[in-house]
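The values are calculated or read from the model by the stated rules, or taken from the named source; none is laboratory data. As the structure is a prediction and not an experimental result, all values here were calculated from the model. Because the Cβ atoms are built from the backbone with ideal geometry, glycine has one as well, and the counts that use them run over all protein chains shown.
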Amino acid sequence: MSDFNTDHYLRINEIKNYLYCGRISYYTLCLRLDRETDLSKGGVGAEQETKVRMKRRKSALHTVHQGMRHFDVSVVSHALRLIGRVDEMVETDAGVYLIDYKDTDRDYGYWRTQMAAYALAAQEMGNQVLGSYVYIIPRKRYEAIEVQPRDMRRLEQIVAELAELIVHEVCPPPAKQIGKCRSCQYANFCADVF
């Protein structure tokens, strides 16, 4: 990924932020605020600890798919101007499997779209994507994520919405579920919520 300038590429993780609450993307992309909390540090720590354990395992996906395992694989989609890092990629003779580690067992509606972005980027880089999974750390299990054409269309729509957000710099409405706001690192900026 170092062969080109990625200054105007979106991080694939921004899709997760945007779908959780559009204001997180606004604060990060428009106001250049990048806040880290104990909660976010805990998630990163849980993923790192899991990777250490996973690297010690001889086989991937509990022997469902045999192959060479690669961790923290950088991927890029020039078509949608996205960059990201897949937690684990299992390389086989037929193609690759993508695995993203999650420190929660709750899907807030972004897992499929995020995996669609990783799959698109991996395909653009010449990989045949055979399957996508999330590894749910609290449950210590894999969940297959079947990426459909509608997920790719949703991905394109979200990338377009993020591009509009950056250009017009209009703060989106708050999340509909106030429970999300209680643990948000940007809660103090949203005076209209509390």
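For region 127-137, which residues satisfy the criterion of being within 18 Å of the chain's Cα centre (by Cα) and either without any contact (Cβ under 8 Å) to a residue 40 or more places away in the chain or surrounded by fewer than 17 Cβ atoms within 10 Å (Cβ to Cβ) (or both)?
Let us first name the residues in region 127-137 that are within 18 Å of the chain's Cα centre (by Cα), namely 129, 131-137.
The answer is V129, S132, V134, I136.
R153 passes every criterion in (1) surrounded by 16 or more Cβ atoms within 10 Å (Cβ to Cβ); (2) in a helix (DSSP H, G or I) apart from (1). Please work out if I145 is touching a Gly at 6+ places or on another chain (Cβ under 9 Å), within 25 Å of Q48 (Cα to Cα) and β-branched (V, I, T). Taking the combined requirement at face value, the residue satisfies it. Inspection of region 23-31 identifies no residue that is in contact with an Asp or Glu (Cβ under 9 Å, 6 or more places away or on another chain) and at pLDDT below 65.
Per the listing E124, E169, E146, E164, the residue uniquely surrounded by fewer than 14 Cβ atoms within 10 Å (Cβ to Cβ) and either in contact (Cβ under 8 Å) with a residue 40 or more places away in the chain or under 12 Å from the mean Cα position of the chain (by Cα) (or both) is E169.
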